[in-house]
Amino acid sequence: MSNKGYSNNKQKKRVAIIGTIVILLLVFGLYKYITYEPAQAAPVQTKEGLQLISLENPDSAQFLDVIMSEQRMNIIILADKFYGNSAYWPYVFEINKESIQNPLDIPKNTVLRIPRIDSVLAEKDGLEEVKRLGDSILSEIDRKKNTTEEKLIFSDNP
């Protein structure tokens, strides 16, 4: 009889512990539900919000500026800021391609030279040429990316 009472007490303790755990989990879940804040979308970068540090420009005849960004940046926004037209990004890329892997995602603290561009490029035909150059650069970047991915895929196979 005393064994039966002992096992009854043991079972009551288990039920009490499990009940306490369930209540704590419910309270914690309710707290998380009440205090939940959805993830914020990444801020959209604008030319007004671009934080740049202007560095010494050793060749002001060739470059408008030499800059370093205090945040990740997009070369298209940069071209729009300096030239008033985002289509001119290929010229910024071409002069800085040794330090830019992806023109749409330039790391923080990357030093970039902003080239002066010829006024002839501002004409309609010049702008079309700039757009073709941009398409060609993006195609080359995409080709290199696909080639690298293929090498990784084939190098895994014996």
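Okay, here's what the table says:
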{"quantity": "Cα-projected label distance for GLN71 with ILE17, points at 7 Å along beta-carbon direction, nm", "calculated": "5.2 nm"}
{"quantity": "Order of ILE77, ILE137 - criterion: other Cβ atoms within 10 Å of each residue's Cβ, fewest first", "calculated": "ILE137, ILE77"}
{"quantity": "Distance violations [Cα-Cα > 21 Å] among LYS108/LYS144; LYS81/LYS131; LYS81/LYS145; LYS12/LYS32; LYS108/LYS131", "calculated": "LYS108/LYS144; LYS81/LYS145; LYS12/LYS32; LYS108/LYS131"}
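Readers should treat all values here as calculations from the given coordinates under stated rules, not as data from a laboratory. Keep in mind that this is a model prediction, so the values were computed, not measured. So basically every Cβ, Gly included, is an ideal-geometry build from the backbone, and we count neighbours across all protein chains shown.
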